[in-house]
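Have a look at the structure below, then the notes.
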Amino acid sequence: MLTVAALVAVTMLVPAVVFAHHPDGEAKGSAPADSGDLERWMNEDKQPPKSMKPRSHEPCVKGMAGPFPCENVGLESYLPLSVFGSERANDIWGWTDPATKKDYALIGLDDGTGFIDISDTKRPVYLGKLPTQTASSIWRDIKVYNNHAFVVSEARGHGMQVFDLTRLRGQTEPQTWTVDAHYAEFGNAHNIAINEDTGFAYPIGSNTCEGGPHVVNIQNPTAPTFAGCIDEDGYTHDTQVVVYNGPDERFQGREIAFSSNEDTLTIVDVTDKENPRQLSRLPYDGATYAHQGWLTEDQSHFLLGDEVDELRLGHNTRTYIFDVSNLTDPVNTANHTAETEAIDHNLYIKGNYVHQANYRAGYRLLDGSNIENGELTEVGFFDIYPADDDAQFNGAWSNFPYYDKNIVVVSGIEQGLFVLKPQLKGPGGGGPGSGPGGPPPGKGPGGPPGRR
């Protein structure tokens with residue numbers, strides 16, 4: 001196990017992880033992609049920001065909400081990228097102020113992190129930007145713990161920014177914000193996960209820990225400290241870490257990471273940060289780039305999106321369903337193939353509903369109440385990229401559905417910020433996430449993050 005000093009020494013010798021690029025012009029169905037491929041493809045597909053005006057309160061009527069195709073999902077409001085003064089948007093997360101009960105969207109931008117007061121969902125207020133620590137980047141990722149935002153980026157030398165979100169209280173005008181703390185024990189990182197039940201952050205895809213999770217104790221948010229590496233399976237693209245309360249009794253109460261590791265679903269017991277234990281490593285048919293996934297709220301299943309299978313293998317948008325009721329022997333039990341051709345990107349689960357951001361197909365809403373039988377059913381969508389659903393890297397990057405009120409925020413790479421409102425009845429009665437399926441976000445062991 002590397003100490004902090006050893007980690008820093010290695011970082012000095014190797015400034016950034018270098019991934020081998022596959023040759024240009026590869027045929028579909030060739031070897032799995034890597035991060036170098038993704039960066040090249042995203043730059044090839046780069047488009048200028050969409051020239052659109054802010055919009056407010058456009059319900060979904062006869063399949064359209066203003067210029068956007070939709071079904072059972074209306075538009076509360078929209079802010080274009082021009083409001084933020086940025087060239088591209090990326091990740092998005094949310095925060096609710098426990099004192100004022102106001103809701104905020106935290107949007108990743110190529111040049112920083114934008115803060116938006118969305119407590120009036122029809123009239124969002126842009127409050128300014130936390131600039132990037134070093135340089136601009138396609139990738140920025142944000143998570144929240146104890147009223148602080150933690151921000152990482154692929155920008156060289158960026159490290160982890162810490163921002164006290166309570167500073168947004170009472171603000172009504174945009175301003176340039178500064179960090180409250182900065183963690184510099186790694187440089188670039190692709191993503192970050194946080195287990196809010198334990199107070200540990202897991203920056204991933206960094207230039208340390210073989211690209212696996214670099215564990216940071218953030219129990220004191222403005223004094224983060226190194227806690228360990230999870231490096232046995234190399235590069236991790238995304239992960240969800242929970243205090244396990246699922247059906248496998250052997251591991252209940254332990255801290256477990258469910259990681260999308262480019263070509264596998266890899267499950268690791270990370271209770272002992274200095275001696276993590278890999279429980280299973282599962283390849284799956286059709287793996288080209290295991291990108292990101294999320295647990296059902298009963299922690300019996302894991303849904304995973306592969307970012308390159310639509311592009312490489314030519315099938316429609318596909319979600320892989322894993323039975324993880326046995327953590328040492330997970331099984332890919334079924335796959336859901338949608339009607340669109342778009343590449344899937346980020347998905348989150350709230351109650352019985354699966355919220356997906358699928359690039360050119362926009363925001364998609366699936367009913368997962370029959371997941372035990374390997375079934376997902378699309379019940380709504382909002383297409384932020386109306387031109388087409390082609391398998392290219394434009395449109396919806398991510399979404400955040402974990403507010404108490406029935407809204408979802410979506411980030412569009414070229415578009416900006418969307419505040420959406422699903423209009424659903426049936427399971428859950430009155431909207432996604434309000435029915436059975438587990439504890440509300442952040443309230444029980446392993447509950448979805450973002451609520452504290």
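The values are calculated or read from the model by the stated rules, or taken from the named source; none is laboratory data. Just so it is clear, the structure is predicted and the values come from calculations on it, not from any experiment. For neighbour counting, all protein chains shown are included, and Cβ atoms are generated from backbone atoms with ideal geometry for every residue, glycine included. To get the accessible areas, we keep the full protein, side chains included, count just its heavy atoms, and leave off ligands, DNA and RNA. Shrake-Rupley method; radii C 1.70, N 1.55, O 1.52, S 1.80 Å.
At-a-glance table
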quantity	calculated
Pairs with Cβ under 8 Å, 6+ apart, first in segment 392-404 and touching a residue at least 40 places away in the same chain (Cβ under 8 Å), second outside any loop (DSSP other than H, G, I, E, B) and of a type in the set (Lys, Arg)	Pro401/Lys350; Tyr402/Lys350
Options Thr333, Thr319; residue that is open to solvent by less than 10 Å² (accessible area, probe 1.4 Å) and not in a loop (DSSP other than H, G, I, E, B)	Thr319
Search result, residues across segment 56-67 that are touching a residue at least 12 places away in the same chain (Cβ under 8 Å) and surrounded by fewer than 19 Cβ atoms within 10 Å (Cβ to Cβ)	Ser56, His57, Glu58, Pro59, Pro67
Whichever residue in segment 120-137 is assigned to a loop (DSSP other than H, G, I, E, B) and open to solvent by less than 40 Å² (accessible area, probe 1.4 Å) and, among such residues, is nearest to Gly416 (Cα to Cα)	Pro124
Within segment 31-46, considering residues that are outside any helix (DSSP H, G or I) and open to solvent by 40 Å² or more (accessible area, probe 1.4 Å), the one nearest to Thr121 (Cα to Cα)	Lys46
Among residues of segment 288-315, those that are open to solvent by 10 Å² or more (accessible area, probe 1.4 Å) and in a strand (DSSP E or B), counted	1
Top-ranked residue in segment 216-247 [being of a type in the set (A, V, I, L, M, F, W, C) and closer than 20 Å to Gly293 by Cβ; ranked as nearest to the chain's Cα centre (by Cα)]	Val241
All positions within segment 148-166 that are surrounded by 17 or more Cβ atoms within 10 Å (Cβ to Cβ) and part of a loop (DSSP other than H, G, I, E, B)	Glu154, Ala155, His158, Gly159
Cross-chain or 6+ apart pairs with Cβ under 8 Å, segment 342-354 first and under 20 Å from Lys143 (Cβ atoms), then charged (D, E, K, R) and open to solvent by 10 Å² or more (accessible area, probe 1.4 Å)	Ile349/Glu297; Lys350/Glu297; Val354/Asp367
Candidate set from segment 68-107 (those that are farther than 24 Å from Ser137 by Cβ and of a type in the set (A, V, I, L, M)); member that is surrounded by the most Cβ atoms within 10 Å (Cβ to Cβ)	Val73
Verdict on Leu106 being more than 20 Å from Gln240 (Cα to Cα), modelled with pLDDT of 95 or more and touching a strand residue (DSSP E or B) at 6+ places or on another chain (Cβ under 8 Å)	no
Unique residue being in contact with a Ser or Thr (Cβ under 6 Å, 6 or more places away or on another chain) and either of a type outside the set (Val, Ile, Thr) or more than 25 Å from Gly157 (Cβ to Cβ) (or both) when the list is Thr236, Thr266	Thr266
Among the candidates Glu26, Glu76, Glu87, residue that is modelled with pLDDT of 95 or more and part of a loop (DSSP other than H, G, I, E, B)	Glu87
